[in-house]
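For reference, the structure is listed below as structure tokens.
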Amino acid sequence: MVLGGLAMRRLIEEVFLATFDTPELASMEDQARLPLGDVIASGDRLAFTTDSYVIDPLEFPGGNIGALAVNGTVNDLAVGGASPLYLSCGFIIEEGLPLEQLRRIVEAMRDAAEQAEVRIVTGDTKVVPHGKGDKLFINTSGIGVIAPGVELAAHRCRPGDRVIVSGTVGDHGAAVLQAREDLALEGGLLSDCRSLSGLVRDMLSTGADIRAMRDATRGGVAAVVHEFSSASGRAIRLFEDRLPVRPEVRGVCEILGLDALHFANEGKLVAVVAAAQANWLVARMRQHPAGRDACVIGEVLPDVSVQVRLRTLMGGERLLDLPVGELLPRIC
Amino acid sequence: MKYVDEFRNPVEARRLGEHLARRMALPELQSRRPVRIMEVCGGHTHTIFRYGLEALLPEGIELIHGPGCPVCVLPPERIDDCLTLAEQHDVILTTFGDAMRVPGSRGSLLQARARGADIRTVYSPLDALQVARDNPDRKVVFFALGFETTMPGTAITLQQAVEEGIANFYLFCHHVTIVPILKALLDDPFMQVDAFIGPGHVSMVIGMTPYTFIADQYRKPVVVAGFEPLDILQSIVMVLEQLREGRTEVENQYIRVVSRDGNRQALQAVADVFALRARSSWRGLGEIERSGVGLKPAYAAFDAERLLVAPSVRRAEPVDCRCSEVLKGQLHPRQCPLFGRACTPEHPRGALMVSSEGACAACHQYQGRG
């Protein structure tokens with residue numbers, strides 16, 4: 001890959017415009033122009049978010065950085081109760097990145113956007129010299145619309161509320177660890193990278209009193225539940241025997257001495273809902289492919305305290321901590 | 001998951017807890033209260049806290065969390081030496097993940113890596129050897145640490161390096177041995193322990209016989225145990241049976257892994273590569289004679305200590321640190337005035353707060369500071 005005006009234009013046309021193929025991009029103006037009518041018709045507030053994606057390796061079982069960059073931002077909008085509408089994407093490409101790989105990543109973005117029913121309407125590309133970046137960084141920003149009456153906020157958690165997770169915990173973290181470190185484990189570890197917007201739409205349509213929702217990315221389910229406790233000032237208890245964890249993910253955890261609750265997910269949300277509605281909300285979630293393994297994993301306690309407790313398999317109780325910095329495997 | 005779930009059966013755990021309560025009510029054990037049992041190994045400490053096992057134990061049984069976390073007892077000057085090695089521009093330092101956060105006097109390996117040193121975590125010393133094969137123009141140092149559990153892996157890796165003639169591979173060796181530290185604790189007049197839960201993985205290598213002196217000379221029961229919740233509970237049952245019957249023996253609860261004589265091949269590799277040092281230093285416990293190993297002269301060419309101009313000198317430990325009292329069962333982690341205040345997992349001051357297998361760190365992580 002070479003720098004230079006002509007080459008850059010060809011790159012943009014061949015890879016990005018050909019793949020994304022939206023009228024806003026094709027117009028090649030300096031900005032996307034978005035009709036306000038669509039926005040006003042579907043809600044009374046805008047949701048706006050941005051995230052940058054860096055991951056090693058760029059491609060992993062179950063996804064790649066492109067799918068991640070679309071789904072991650074879509075999910076950040078969705079868990080606020082917003083319907084995602086538009087995305088921007090910015091690429092920082094290190095010279096030497098194989099064009100074939102870039103194409104695969106961009107195609108994954110297109111497919112993910114299609115699936116999430118969101119449109120990539122503006123973008124930017126920079127190529128930096130070899131050694132000045134780590135292969136590829138992607139930034140995406142997203143705009144969505146929140147319907148009237150939807151109020152999801154972590155501080156709304158009340159004593160007695162139930163904590164729900166939308167599916168198996170830790171799949172993405174385990175898959176990336178396996179791909180990065182070549183742990184030579186058998187069995188199909190796959191990232192759960194996917195859009196949650198359809199699932200959230202179904203959840204909201206039930207009319208259940210959902211207090212709060214977050215997607216459990218970095219820091220895992222443990223980090224999200226800590227955020228809920230911190231914002232609401234109430235202790236939260238999780239039940240170890242109810243946590244859905246795939247056997248192959250458990251295998252990684254057992255070998256490395258890590259906890260699946262701390263692993264990143266890229267297609268799982270944690271929600272808090274009024275107790276009386278928890279079971280039928282879960283039943284409804286299970287009808288959606290992104291919520292097939294949804295279940296209740298915990299409850300909000302009356303205790304005024306910022307604390308997450310875990311009822312262990314053995315019936316004892318302990319604190320569920322936040323991981324200190326990066327996850328490091330233990331030797332014995 | 002086979003060989004795991006069977007040993008985490010909650011119904012069985014409750015049953016064992018009730019059995020322990022009935023045993024503790026017998027007159028011959030009631031008179032011995034409190035029964036203090038030390039689990040030697042950091043892996044056991046971790047299981048006890050992770051599953052909240054103490055909640056299942058009847059009153060009168062106290063668990064004392066022993067010295068067997070190799071990461072906790074790493075002395076700061078050895079980390080300093082690793083930093084010095086890693087700062088040499090032609091060196092790649094490799095080690096286990098646990099060692100990355102251990103503080104030396106100039107910070108941790110994690111911090112050195114953030115400053116630009118080439119430090120890589122590996123899962124096995126063989127991975128470090130692969131790094132050496134892949135980088136023939138760099139010196140690849142493996143920081144080898146751990147008790148007898150990890151010694152054979154290091155030894156076999158070094159033998160392999162010799163066989164392949166890999167000249168850019170070095171070992172910085174801080175392997176330590178379990179028996180001298182147990183003896184040092186037993187000889188301490190303040191030591192308050194009635195029985196031991198012996199380390200499972202160490203025993204898989206060295207077997208059962210090295211512990212007979214504890215039963216014979218010090219008259220204390222030893223039960224070598226596995227690492228799942230039921231392993232620990234069952235080993236406590238076995239300890240109580242010995243105390244009740246007035247026996248002091250070395251028994252094996254971990255029969256699915258440990259044999260009486262250990263692993264002969266592993267021991268041979270260890271004997272080929274390592275020799276006892278006159279003395280080794282332990283964070284929290286000071287210097288202990290013949291408690292660690294270095295490379296034999298035949299392997300001197302691979303010794304990373306050759307790459308150091310001068311090894312770092314031992315520094316005095318913080319005077320307010322009371323790790324040694326916790327290790328001897330005189331003090332519960334929470335009773336230490338530094339616990340959760342001046343000494344936390346993010347900023348450990350004492351040895352036992354360093355790794356999640358240290359008694360204080362496990363207590364802080366799973367039970368909180370309050």
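The values are calculated or read from the model by the stated rules, or taken from the named source; none is laboratory data. All values derive from a computational prediction rather than experimental measurement. Cβ atoms come from the backbone with ideal geometry, glycine included; neighbour counts cover every protein chain shown. Remember, those area values only see protein heavy atoms, side chains included, never the ligands or the DNA or RNA. Shrake-Rupley method; radii C 1.70, N 1.55, O 1.52, S 1.80 Å.
Assorted remarks:
- Buried between A and B is an accessible area of approximately 2700 Å², summed over both sides with a 1.4 Å probe.
- Comparing Cα centroids, segment B:308-367 and segment A:35-56 end up 49 angstrom apart.
- Between residue A:202 and residue A:182, the FRET efficiency estimated from the beta carbon spacing at R0 = 35 angstrom works out to 0.35.
- MRE, 222 nm, helices only [DSSP H, n ≥ 4, -39500 (n - 2.57), over chain B, to nearest 500]: -10500 deg cm²/dmol
- Between 0 and 90°, nearest 10: helix B:125-134 axis offset from chain B longest Cα axis: 20
- Shielded residues, segment A:277-319 - accessible-area loss of 50 Å² or more between chain alone and all protein chains, probe 1.4 Å: A:313, A:314, A:318, A:319
- Helical segments meeting 20 Å axial Cα length and Kyte-Doolittle -1.0 threshold in chain A (DSSP H): A:99-116
- Solvent exposure of chain B, expressed per residue, is 40 Å² of accessible area, with all protein chains present and a 1.4 angstrom probe.
- Distance between segment A:213-253 and segment A:151-194 - C-alpha centres, whole angstrom: 8
- Low-density loop positions, trypsin sites (Lys or Arg not before Pro), segment A:47-147 - DSSP coil, at most 14 other Cβ in 10 Å: A:132
- Short-range pairs are left out: with C-alpha atoms under 8 Å and at least six residues apart, the relative contact order of chain B is 21 percent.
- Using a Förster distance of 35 Å, the FRET efficiency for residue A:317-residue B:87 (Cβ separation, nearest 0.05): 0.20
- Expressed as a whole percent, the accessible area of the protein assembly as shown that falls on carbon and sulfur atoms is 51 (1.4 Å probe).
- The angle separating the long axis of helix B:151-164 from the principal Cα axis of greatest extent in chain B is about 20 degrees.
- Length gained on full extension, residue B:159 to residue B:111, computed as 0.36 nm times the residue gap minus the Cα-Cα distance: 14.1 nm.
- The relative contact order of segment A:154-319, computed from alpha carbon pairs under 8 Å that lie at least 6 residues apart in sequence, is 43 percent.
- Taking 4.7 Å between beta carbons as the limit, the unpaired Cys residues of chain B are B:41, B:82, B:173, B:321, B:323, B:336, B:343, B:360, B:363.
- Residues in segment B:38-57 that a label on residue B:18 would reach, taking backbone N under 17 Å of a point 7 Å out along Cα→Cβ: B:56-57
- The residues of chain A have, on average, 43 Å² of accessible surface per residue, using a 1.4 Å probe with all protein chains present.
- Radius 12 Å from Cβ of residue A:90, net charge of other residues (Lys, Arg +1; Asp, Glu -1): -1
- Helix B:10-24 and the longest principal axis of the Cα set of chain B meet at an angle near 60°.
- Where Cα atoms sit under 22 Å apart: lysine pairs in the protein assembly as shown separated by 8 or more or lying on different chains: 5
- Centroid-to-centroid separation of segment B:265-302 and segment B:119-137 [C-alpha atoms, Å]: 22
- Gyration tensor verdict on the protein assembly as shown (Cα atoms; rounded if a/c is under 1.5, prolate if a/b is larger than b/c, oblate otherwise): oblate
- Chain A: calculated mean residue ellipticity at 222 nm from DSSP helix runs of at least 4, using -39500 (n - 2.57): -9500 deg cm²/dmol
- Sparse-neighbourhood loop sites, trypsin sites (Lys or Arg not before Pro) in segment B:1-76 - DSSP loop, at most 10 other Cβ within 10 angstrom: B:2
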